[in-house]
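Just so it is clear, none of the values below were taken in a lab; they were calculated from the coordinates. Computed from a predicted structure; not experimentally measured. Please note: Cβ atoms are built from the backbone with ideal geometry, for glycine as well, and neighbour counts cover all protein chains shown.
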Amino acid sequence: MLVIKLLSILVCLSIGVVHAQELTLKVSTEPTTMKIGQSIQLQAAVVDGQGNEVEGREYLFFSRDRRALSVVDTTGLATAMKHGEYSIVVISPNKDKGRLRADIQVIIEPEAIAKVEIEDVPGEIYAGVTIPLSIKVIDEANFERPEVDVNITSSNTKIVSVAPFKKLIANSGGKSTITVEAGGVETKLDIKIVDNPIVKIELAADKTDGRSGDVFTLQARALDKSGKVVQDAPINYSFTGESYDVSAAPSGLMTDEGKFVADEPGLYVLHATCGSAAASVTISANQRNITRKIDLIGRGSINTKHTSDLWIWEGVDGKDYAVTGTWGADGKAYFWDVTDPASITLIDSVQVDARTVNDVKISEDGKTCVISREGASNRKNGLVIIDVTNPKDVSIISEFSENLTGGVHNVFIYKNHVYALSAGRKYYSVNIEDPANPKIVGEFELDTPGHAIHDVWVEDGIAYSSNWDDGVQLVDIGNGIAGGSPSSPVQFASYAYPSGSNHAAFPYRDKKTGKFYVILGDEEFPYGLDPGGKKPSRAAGFLHIIDFTDLKNPKEVAWFQVPFAGSHNFWVEDDVLYAAFYNAGVRVIDISGELLGDLNRQGREIAWIVPEDPDGYVPNAPFTWGAQPHKGHIFYSDWNSGLWSAKLRPVVPENAAVESK
Amino acid sequence: MKKILFVLLVGLVMSVNGQNYYVYVTAESEDEVALIKFDGKDAVVEKTIPVGVWPAEIEGPHGINVSPDGKYWYLSLAHGNPYGTLYKYSTETNEVVGKVELGLFPASLQVSEATGLLYCVNFDLHGDMVPSTVSVVDPEDMMEIQRIETGVMPHGSRISSDGLFHYSVGMMSGELFEINTTRLKVNRVLQLDGKKEEPAKNAMAGMDHSQMDHSQMDHSKMGHDKMYHSKVKPTWVIPHPTNNKVYVAGNGSDEILEVDLEKWEITNRMATGKAPYNVDISPDGRYMVATYKASAETGVWDLKKGKELARVKNSRKVSHGVSISSDSKYAFVSVEGIGGEPGTMDVIDIKKATKVASVDMGKQAGGIIFWKMEE
């Protein structure tokens, strides 16, 4: 490491605080220039009014960008790591409040360009095709340099010409050398263009008559002049169309694989092209016509505190019950008789040492309830196991806080085990075969930097945990797919998306298509809180539909979004998605068939209902937490108003006779 | 007539006095900060400031402090995904002017007058029993510039009056740490349990947990119960303004430990109420006031006499923080409460050792800091 002593004359820079003795902190006013890998002893001195250095002063140097320019010590030894312009702060502390502070500017010079890399292109390219180039410029310090201008030339523009945005156009058969130059460094790429053998494209769609939201799958066959199929033909798919509604523009989505979905009902022409060969097929995307009326049936009002999660179940007596949690309140969970959804009746409650009972779950046999605790007065949170064999007289069996003191935000019960989150970092498998004596038998935690977890849901022996930046994690806890068990969970698949907002997950298998989807929900509050604390908050975020049919290559294929609202908890039953969308209440969505694109724009929303309550805890501020279908009704909990029930009206056949009195 | 004259006289004295005291108090289970005014008689919540960004998640405002110039207040939000956040607010507008992500469960914090930097312990209350850190933040840019490793669950912390040394205690490792605020290094460590070895090293210190796959471990056979848990369980440390001593709340041993900084040893053990939690010393150096978390009391001590003058019953259970006014007259005490109870701030007249006012606020009143006196 090269250490250079900067002995240049320090020019006065009075950035620091001047106090009674008019001391100043002198540093160089000119930027210090460094090379990557170089270390420099930065200089600073406190001087008095006469310019004499004050003895005995200490200095603290720190960089505003430690990853590019490191220095955090009292000596001022700075090491350059990445090109750019940076600043270093110097502080000379003083116990008599005469602290001085100044900035030193540092320029780290970029290294020369070392190489230009071009991602592989096919050995032979058919004439008439456009080829995008992927180019990386890398310098001597191994930093990628996207800001450096790149020049692309072709040795024979009749064969290959250069188009804007780093694209090549294959004009005719022959060879051409492509030269890519950046910062004085060149890389050459020999390209061979062959005559396009494709003279005809045969195009068919799996159907020509469907609805908006239905996926039309194209099958294109590229044929040469002898009628032989050209297997490696690079076919581009596109569409044009006209809407059936004169007030709406046609819109939809076409994938690279030739799958088309219409957002707007209309007549669409789907195209396949390769060079000069082209074919098209016309399809009709008709109105989806799946909207249904939804009726508010009943409610169990809670307007003295916030309500959190809900769970509806059939009790051992055959009647139907609900449990709801409370948030930021007094640690209560409420039990309801919902056998008659029009007459929801509060039948019992429990109170535990907590401020928030965020999550509530019931065992498969309807006998055991688990609630989560946060905000315990002794800061030892955990979970509480409750006997709900008689929901009218529930009783706490045990409280469990081992390794869970940091708060249990969410839980799930599956086959005598509770999967309980701990302090937002991991989840434990807790055996509750003896509910009076729960015991931890296993745990699952990621090892990524700064990992966190928000929720876990279990179905068919697979735990789906939502891990914010790390997305959804599919973990075998007894399914057998990866040899996992409750005591030895085994992760076997995952999917993360850039926003890092993954808050909840629900699996869904479409029986008709055989597709296996996992629906991932965001939780986002980008608009912040009302500084006055009076207006309700507004959420954002949406539902991401991930195709996990190929577990090793999950793919985000569709989404459901509600403008000016954000997703929270959701549930799938019989090809219908019931989603709580905070400010926008409950949304009921048709997710039958293959899913692709923007489900809301495709008219897949069946119904919606918003729990507005002028007498709510916060009046007229719907903030729906979760929704669950149960025996033909939809139950949903709202943060400001409690438990509600609704019911979709039956589907009326289009040609049904209308009886009138 | 005498009564009327007396009332008039008291009123006259009050109006001449005319001092208003302002205190910021966090409501940890409400995600709010209350700005409370005490006029010598009544305490009222002047303003409630919602904090954090997640309305449906508790972010847990924990540590709070005011900049030496009184222009800003700083707040640690303990819970995040997974890291907590330090916020900077203007005292003029009570609006956010900056923030920076810190470590796990950032807690107590203070700005050094000597360096201008802010030092915040990363409590990591619910993490593994491994040493945590003190984050050093440049409050001008709201940028973390260094993390200094200290003990297991570092909680209470305060800076010496000259701003040159930062003191913090490792709650579970039972250690007192002195950090040089300029060199950003641990200067000295004092084991408060009286053991020769360093408990932090004996717990699980030194292990690189980032490289371990905990999911593969059988924790049931790891003997977590045998990990080191300090008997003193120190939860707070406060340097005396002049006598070169610091005072440590021994939450587990029901005592306050006096540590002589010159000798770097415990020179006195003062028996307290149950579970002393936070401690403050009056700016004139005469009084020490400590909250007793488990007995819901606040102890007022005369430090010259080394004697507890009184134990004042707090308004509700779970006494938490204490901050003394700059005129050394009043101690402001936050009381958490339990479950759905509101939090409360009690005002204690130190000389009289009596509670003179209290006001309810958001749930789980915790971090507390005296801001200013104003006529």
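Convert each backbone phi in the range B:78-86 into a coupling constant with the Karplus relation 6.51 cos²θ - 1.76 cosθ + 1.60 (shift: θ = phi - 60°), then list the ³J(HN,Hα) values in order as whole Hz, x for Gly and Pro.
Couplings: 6, 9, x, 10, x, 7, x, 9, 9 Hz.
Can you list residues from other chains, or at least 5 along the same chain, whose modelled amide H is less than 5 Å from the amide H of residue B:295?
B:274
Need the full-extension length gain, residue A:144 to residue A:82, defined as separation in residues times 0.36 nm minus the C-alpha distance. One decimal, nm. Write out the running numbers ahead of the final one.
Numbers: separation 62, 0.36 × 62 = 22.32 nm, distance 1.09 nm.
Contour length minus Cα-Cα distance gives 21.2 nm.
In nanometres, what is the gap between the two model label sites at residue B:231 and residue B:44, each 7 Å from Cα along Cα-to-Cβ?
5.1
Give, in whole angstrom and from largest to smallest, the semi-axes √(5λ) of the equivalent ellipsoid of the range A:200-286, with λ running over the eigenvalues of the Cα gyration tensor. Provide the component values of the computation, followed by the final result.
Values: eigenvalues 136, 25, 20 Å².
Equivalent ellipsoid semi-axes, largest first: 26, 11, 10 Å.
Using only Cα atoms, locate the centre of the range A:299-344 and the centre of the range A:140-190, then give the distance between them in Å, rounded to an integer.
When both Cα centres are located, 66 Å separates them.
Filter the cross-link list B:329/B:351; B:37/B:352; A:515/A:631; B:71/B:351; B:233/B:313 down to pairs whose alpha-carbon distance in this structure exceeds 18 Å.
Details: B:329/B:351 7 Å; B:37/B:352 20 Å; A:515/A:631 26 Å; B:71/B:351 30 Å; B:233/B:313 23 Å.
The answer is B:37/B:352; A:515/A:631; B:71/B:351; B:233/B:313.
Out of every Cα pair in the range A:294-648, what percent are spaced more than 37 Å from each other?
Details: 7449 of 62835 pairs.
Counting pairs separated by more than 37 Å, the tail of P(r) holds 12 percent.
Is the shape of the range A:342-404 best called rounded, prolate or oblate, per the rule: a/c under 1.5 gives rounded, else a/b larger than b/c gives prolate, else oblate, with a ≥ b ≥ c the square roots of the Cα gyration tensor eigenvalues? Intermediate results must be reported in sequence, preceding the final value.
Working: a/c = 2.26, a/b = 1.64, b/c = 1.38.
Judged from the Cα gyration tensor, the range A:342-404 comes out prolate (a/c at least 1.5, a/b above b/c).
How about residue A:439: which lysines have a C-alpha closer than 23 Å to its C-alpha, ignoring those fewer than 8 places off in the same chain?
List returned: A:361, A:367, A:380, A:415, A:426, B:221, B:226.
Would you list, by chain and number, the lysines whose Cα falls below 16 Å from the Cα of residue A:188, excluding same-chain residues fewer than 8 positions away?
Correct list for residue A:188: A:115, A:136, A:166, A:167, A:175.
What does the charge dipole of chain A about its Cα centre add up to, to the nearest 20 debye, if the Cβ of each Lys and Arg holds +1 and the Cβ of each Asp and Glu holds -1? Display every interim value, and only then the final one.
Numbers: 62 positive and 88 negative charges, 136 e Å.
Rounded to the nearest 20 debye, it is 660 debye.
Relative to the Cα centre, what is the charge dipole magnitude of the range B:237-375, using +1 at the beta carbon of each Lys and Arg, -1 at the beta carbon of each Asp and Glu, and rounding to the nearest 20 debye?
Values: 19 positive and 19 negative charges, 72 e Å.
So the magnitude is around 340 debye.
Using the Cα centre of chain A as origin and beta-carbon charges of +1 (Lys, Arg) and -1 (Asp, Glu), tell me which of A:442, A:620, A:68 is placed farthest towards the positive end of the dipole.
Of the candidates, A:68 comes out farthest on the positive side.
Which FRET efficiency value, to the nearest 0.05, do you get for residue B:286 and residue B:264 by plugging their Cβ-Cβ distance into 1/(1 + (r/R0)^6) with R0 = 35 Å?
Details: r = 24 Å, r/R0 = 0.70.
Rounded to the nearest 0.05, the efficiency is 0.90.
At what distance in nm do the modelled label points of residue A:649 and residue A:163 sit from each other, each positioned 7 Å from its Cα along Cα→Cβ?
About 5.2 nm separates the two model spin labels.
To the nearest 0.05, what FRET efficiency results for residue A:179 and residue A:236 with a Förster distance of 30 Å applied to their C-beta separation? List each step's numbers first, then the result.
Working: r = 27 Å, r/R0 = 0.90.
According to the calculation, E is roughly 0.65.
Given A:558, A:568, A:526, which one lies farthest toward the positive end of the charge dipole of the range A:523-577, if we put +1 on the Cβ of every Lys and Arg and -1 on the Cβ of every Asp and Glu?
Farthest towards the positive pole: A:526.
Report the full-extension gain for the segment residue A:109 to residue A:314: residue separation times 0.36 nm, less the Cα-Cα distance, to one decimal in nm.
66.8 nm
If one puts a single equal scatterer on every Cα of the protein assembly as shown and applies the Debye formula without solvent, what log₁₀ I(q)/I(0) results at q = 0.05, 0.08, 0.10 Å⁻¹?
-0.41, -0.97, -1.30
Give me the distance in nm between label points sitting 7 Å out from Cα along the Cα-to-Cβ direction at residue B:352 and residue A:339, one decimal.
Reported label-point gap for residue B:352 and residue A:339 is 6.2 nm.
What average count of beta carbons from other chains do you get within 10 Å of the Cβ of residues in B:167-177?
Values: counts 0, 0, 0, 0, 0, 0, 0, 0, 0, 0, 0.
That works out to 0 on average.
Do any GluC sites (Glu not before Pro) in the range B:95-129 lie in a loop, going by DSSP, with at most 16 other beta-carbon atoms within 10 Å of their beta carbon, and if so which? Show your work: numbers first, answer last.
Numbers: sites: B:95, B:101, B:113; in loops: B:95, B:113.
For GluC sites (Glu not before Pro) across the range B:95-129 that sit outside H, G, I, E and B with at most 16 neighbouring Cβ atoms in 10 Å, the list reads B:95.
Would you pull out the residues with amide H under 5 Å of residue A:504's amide H, same chain only if 5 or more places away, H placed 1.01 Å from N?
It is A:521, by chain and number.
Could you give the size of the charge dipole of the range A:65-151 about its Cα centre, using +1 on the Cβ of each K and R and -1 on the Cβ of each D and E, expressed in debye and rounded to the nearest 20? Each step should come with its number before you reach the end.
Details: 10 positive and 16 negative charges, 170 e Å.
The dipole magnitude comes to about 820 debye.
Using a 10 Å cut-off around each Cβ of peptide A:525-536, what is the average number of partner chain Cβ atoms that fall inside?
On the way: counts 6, 1, 1, 6, 9, 2, 6, 4, 9, 1, 0, 1.
The shielding value for this peptide is 4.
For the range B:272-280, in order, what is each residue's ³J(HN,Hα) by Karplus, 6.51 cos²θ - 1.76 cosθ + 1.60 with θ = phi - 60°, in whole Hz (x at glycine and Pro)?
Result, ordered by residue: 10, x, 6, 6, x, 10, 10, 9, 9 Hz.
Round to the nearest 0.05 the FRET efficiency obtained for residue A:402 and residue B:188 when R0 = 45 Å and r is the Cβ-Cβ distance. Intermediate values should be presented prior to the final figure.
Details: r = 36 Å, r/R0 = 0.79.
For R0 = 45 Å, the calculated efficiency reads 0.80.
Take every Cα pair under 8 Å in chain A that's 6+ residues apart, average their separations, divide by the length, and report that relative contact order as a whole percent.
About 8 percent, as a whole number.
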